[in-house]
Amino acid sequence: MTRVFCARISWYTGRMKLLRKAGRSAFKGKTVLLRIDLNVEPGEPLDSYRLEAALPSIRFLLARGSKVVILSHRGRPKGGERRFSLAPFAPLLAKKLRIPIDFIHAARVGALNKAVSASRTRVALVENLRFFKGEEANDPGFAKALAALGDAYVNDAFAVSHRANASVAALARYLPSYAGLELEEEIVRLGEVMRRPARPFALIVGGAKIADKVGVIEYFWKRADFVLLGGGPANTFFAAEGVPMGGSLFDPSAFPFVAKYRDKGKIMLPVDSEIGGAKGDERILDIGEVTARWFGDLVKDSKAVVWNGPMGLFEKKGFEKGTVAIWRAVFALAKKDPRARIVVGGGETIASLQLLKTSARGGSASGGKNLFLSTGGGAMLEFLSGKKLPGIVALEGQRRKTLR
Ligand code: ADP
Ligand code: MG
């Protein structure tokens, strides 16, 4: 058993240093820079499932005796607008971890080092990295300045690993760098359904834009037995066939994609829909009851499921039923078949879990043994399209670098 497990892990993460596998005393007395994803839009609750997913790595490092310097970003600030500050996250993290946390206010790179050195708490949170010029430019100078703050770097921010930003990519060049617990799990669990998914395999795609999701459908085209479409992607197929769509959401730029895949048998389009909108401006806002039951049955009879994108405008009452039906089928499958492999991701898709009034990520950080809730939106789509993510590439080939 152990050998199979090791082989599986090394298949996906073999070229990386893993936080989980670092020696017991590797981080003792060291300062570790931990990149996590705290990003939520101003006005949204601070307590995201991404924050929750990063806690195990923080606790792990604390238990190993290190000082943890947390790096993150928030939103797309033009300058240093206060509403994008990470300051409110310091008390929230302190409460969750039950330890005091210093917030590092420094507005200039030059002041960072002094502020971090002056911090006496075991965890410190640095201000929104996008307030600094070099972050989004993946600037080596800025990455070096960050590297000077610690002895080692851990990336535990899968959801931003598709961005070539200094704290995600360039920083790994200057320090011994590790994949955090959450990042490792993402790579392994997404990798599992990509490389050898059990059959039957259902790929479910809904949400707003189909253009972002074409890559995933193409990657899984040969592996999937069914491609179930709802939301904007389904609408786009109907629109391409000339069905009158009123004000429904669809994406004409994906018509060539529709032409290529329409007649290939695997695409399952809704057979009924929920219509909303004003009179004269009717819109398809959800899959219908019959479709919801049909899709649900297909999911329950699958061995592998990958799902991104809600089936309808679930935020509006009356148009959430299709999405709820898929969630129920997903949980039913997870309960019935311990060997099933189910991966769900996407910002709104995971947010729609609230409709079921369950705790965000099930019992464990990730949802359970056979059900994995990814923290990635764009990052998950890129990973599942077979693309190399800059944040993951940066961690590869690190095995020779050692901590001093
Ligand atoms: P995710 O964030 O999970 O990747 P997307 O960003 O692609 O998903 O899309 C999510 C949004 O799509 C949701 O806010 C939902 O309301 C919307 N949506 C889904 N189906 C429809 C539809 N038929 N009409 C309008 N909006 C829809
Ligand atoms: Mg979204």
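The values are calculated or read from the model by the stated rules, or taken from the named source; none is laboratory data. What you see is a predicted model; the values in this text were computed from it and never measured. Virtual Cβ from ideal backbone geometry, glycine too; neighbours counted across all protein chains shown.
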Fill in the blank from the handout: In the set Lys96, Lys144, the lone residue that is of a type in the set (Lys, Arg) and more than 26 Å from Met16 (Cα to Cα) is Lys96
Practice task
Only residues in the stretch 259-283 that are farther than 22 Å from Lys317 by Cβ and among the aliphatic types (A, V, I, L, M) count as the first member; pair them with residues that are assigned to a loop (DSSP other than H, G, I, E, B) and modelled with pLDDT of 95 or more, Cβ under 8 angstrom, at least 6 apart or cross-chain, and list the lot.
Solution key: Val271/Gly288
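Just need a number here: residues in the stretch 38-70 that are closer than 20 Å to Gly378 by Cβ, among the charged types (D, E, K, R) and either free of Cβ contacts under 8 Å to residues at least 12 places away in the same chain or not in a loop (DSSP other than H, G, I, E, B) (or both).
Counting residues in the stretch 38-70 that are closer than 20 Å to Gly378 by Cβ, among the charged types (D, E, K, R) and either free of Cβ contacts under 8 Å to residues at least 12 places away in the same chain or not in a loop (DSSP other than H, G, I, E, B) (or both) gives 3.
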Exercise for the section: May I ask you to list the residues in the stretch 256-265 that are of a type outside the set (Gly, Ala, Ser) and surrounded by fewer than 16 Cβ atoms within 10 Å (Cβ to Cβ)? Expected result: Pro256, Lys260, Arg262, Asp263, Lys264
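Hand me the list of strands (runs of 3 or more DSSP E) wholly inside the stretch 84-163 holding 1 or more residues that are more than 13 Å from Lys67 (Cα to Cα), touching a residue at least 60 places away in the same chain (Cβ under 8 Å) and touching a Gly at 6+ places or on another chain (Cβ under 7 Å).
Values: elements: 101-104, 123-126, 152-155.
The qualifying strands (runs of 3 or more DSSP E) are 152-155.
Within 16 Å of ligand 2 (Cβ to nearest atom) and not small (Gly, Ala, Ser): is that true of Val227 in this structure?
Working: within 16 Å of ligand 2 (Cβ to nearest atom): no; not small (Gly, Ala, Ser): yes.
When the stated conditions are applied, Val227 does not pass them.
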Exercise for the section: Being in a helix (DSSP H, G or I) and within 16 Å of ligand 2 (Cβ to nearest atom) is the filter; apply it to the stretch 175-217 and report the residue that is nearest to Gly23 (Cα to Cα). Expected result: Val216
Completion exercise
Reported set for the stretch 222-247 where residues are away from ligand 1 (no atom under 16 Å from the Cβ) and not in a loop (DSSP other than H, G, I, E, B) is Phe226
